[in-house]
Amino acid sequence: ELIGTEKAKKDAIKKAGRVSDLLVEAVNGGVQESFINEKRIEAEIRALASTIARFMKQTDQWLAASHAINTAVKEIGDFENWMKSMDFDCKSINAAIRNIYQQ
């Protein structure tokens, strides 16, 4: 019976070693998968940051173009007001000259 106990002990130690090896493989596999996923996430973050930077640049360009258009429209409005003022002045001068001529 002592021989059987010794054999069972050795067998248990072997099996415990195998279980330990399997646990280490499982943990390492999980760590490796986590590492791969981390690298994928980092790559996606870099791609997203690049896309965001590109959109920010496009937005800045749109804002600059919009500002330029607003400025041009304002200048057109200013010119239109100036033309109306000139038209009024010319009519006033014309009326004054007619009054002088008729007297």
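Which residue out of ALA16, ALA26, ALA53, ALA96 is under 56 Å from the mean Cα position of the chain (by Cα) and modelled with pLDDT of 90 or more? Break it down stepwise before answering.
Details: ALA16 fails: modelled with pLDDT of 90 or more; ALA26 fails: modelled with pLDDT of 90 or more; ALA96 fails: under 56 Å from the mean Cα position of the chain (by Cα).
On inspection, the qualifying residue turns out to be ALA53.
Does ILE3 qualify as being loosely packed, with under 10 Cβ neighbours inside 10 Å and of a type in the set (A, V, I, L, M)?
Working: loosely packed, with under 10 Cβ neighbours inside 10 Å: yes; of a type in the set (A, V, I, L, M): yes.
In short, yes.
Within segment 85-103, how many residues turn out to be of a type in the set (Lys, Arg) and exposed (fewer than 10 other Cβ atoms within 10 Å of the Cβ)? Quick ask: steps written out before the conclusion?
Initial filter on segment 85-103 (of a type in the set (Lys, Arg)): 91, 98.
Add one more test, that the residue is exposed (fewer than 10 other Cβ atoms within 10 Å of the Cβ), and what stays is none.
Residues flagged as of a type in the set (Lys, Arg) and exposed (fewer than 10 other Cβ atoms within 10 Å of the Cβ) within segment 85-103 amount to 0.
The values are calculated or read from the model by the stated rules, or taken from the named source; none is laboratory data. Treat the numbers as computed from the prediction; the structure is a model and nothing was measured. Virtual Cβ from ideal backbone geometry, glycine too; neighbours counted across all protein chains shown.
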